[in-house]
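Presented below is the structure to which this report refers.
Values in this text are rule-based calculations from the coordinates and carry no lab data. Remember, it's a predicted structure, so these values are computed and weren't measured experimentally. Note that each Cβ is placed from the backbone with ideal geometry, even for glycine, and that neighbours are counted across all protein chains shown.
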Amino acid sequence: MIPTPPLSSQRALFEIPEGIAYLDAAAYSPLPRSVRAAGEAGVAGKSHPWTVPRSEAARWGLRARAAAARLVGAAPGDIAITGSVSHGIATAALNLEPPPGSRVLRVQDEFPSLCLPWDRLARQRGLVVDTVPRPADGDWTTALLEAIDRPGAAPLGVATLTPLHWCDGTPIDLDRVIPAVRRQGGAVVVDATQAVGVLPVDAGRWRPDFLAFPTYKWVLGPYSLAFLYAAPERQSGLPLEENGFNMPGGHPAPGAARYDRGERDDPVALPMAATGMELVESWGVAAVEARLRGLTDRLAERLEAMGLACPPRHRRSPHILGLRLPGGLPAHLVPALAERGAFASDRLGVLRISAHVWVEEADIDRFAAVLGEVLGR
């Protein structure tokens, strides 16, 4: 195996002041300078629309769709442009028909957009929502596999999955879980929000029915834009809305474009998204993953040296460390960290700490020191 070339800190590409340890990429990423410039160029063009050829609009979408496809191992024709991951997941729920009485499988404390459409579908079609409890040892993969093959369980209609738990980064091995779902005859929907750009995501290998991800987190793009992969056999369904982009001339667009959102050709968001995704691609996802694994390992070492219990290395993702404290997180913790220039999120009582390529080793050390100060360690 050819070793992955090391990736150094990319902080110079961002506008992050000295003294800021921003370890909250799983919430929102800052924009690289090049992505901001692409957005500013789009705003300038919108301010003077007579200067922008109408043919340019189609190229924005083609470029962004192709970049998204490359990041998830798909063909551009398998990618729809949507306004959010929830838009994509709702599209999946509209076009899958699990048999009445079958199960909708998911993990406990899943993100709302991966629950709500299926809850509605369960009520409409008489499905059984099968929620896998959080395992005490953090092994979601084994817990899911046991639930999939549980003797006496209702047939499996659809599994709504993620490569890691959104609140704490605990990994889920979809290379093992998805084949088990298929053996039971279930459909597969993947929310790859916390994976695309930092973990290997391969629609060609996983073969989900649908897979969605946004641009405002790990691929360093704007808000209000996302992409939906639809498997070739799922490209004859119904969109959430009919519009001139997904119904040109009154007929469905070919491929996954039949699920495209209205007002698709955004002169600001699409160039920004393409620029961010191409930047990630230029580094290489494997190099990004290796860089972030090193930073997260360093953070865990610093926290454990203060007597804080971190998940073991094999139970955490390369880019997210979920820290639980005895008795839960103090209400003042996240605001107190922010006051001192250290940023992370409280997610379901977990301090979710998530580095990206702008983070340097000194930021890790600073964050750990500030956390220790606030906790009195």
Region 42-282: relative contact order in percent, alpha carbon pairs under 8 Å with at least 6 residues between: 28 percent
For region 305-323 versus region 104-157, the gap between their alpha-carbon centres in whole angstrom: 26 Å
Qualifying GluC sites (Glu not before Pro) in region 320-372, DSSP loop, other Cβ atoms within 10 Å at most 11: none
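Which chymotrypsin sites (Phe, Trp or Tyr not before Pro) does region 144-229 hold that lie in a coil by DSSP with at most 15 other beta carbons within 10 Å?
On the way: sites: Trp166, Trp206, Phe210, Tyr216, Trp218, Tyr223, Phe227, Tyr229; in loops: Trp166, Tyr216, Trp218, Tyr223.
Hits after loop and neighbour filter: Tyr223.
For the pair Arg183 and Tyr223, what calculated FRET efficiency results from E = 1/(1 + (r/R0)^6), where r is the Cβ-Cβ distance and R0 = 51 Å, to the nearest 0.05? It would help to have the intermediate numbers written out before the result.
Working: r = 39 Å, r/R0 = 0.76.
The formula returns an efficiency of 0.85 here.
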Cα gyration tensor shape of region 57-134, rounded if a/c is under 1.5, else prolate or oblate by comparing a/b with b/c: prolate
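Multiply the residue gap between Arg36 and His314 by 0.36 nm, knock off their C-alpha separation, and tell me the result in nm, one decimal place.
96.5 nm
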Length released on extending from Arg298 to Glu56, taking residue separation times 0.36 nm less the Cα-Cα span: 82.6 nm
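Given a Förster distance of 25 angstrom, what is the FRET efficiency for Ala286 paired with Arg176, based on the Cβ-Cβ distance and rounded to 0.05? Let's see the in-between values first.
On the way: r = 20 Å, r/R0 = 0.81.
E between Ala286 and Arg176, to the nearest 0.05, is 0.75.
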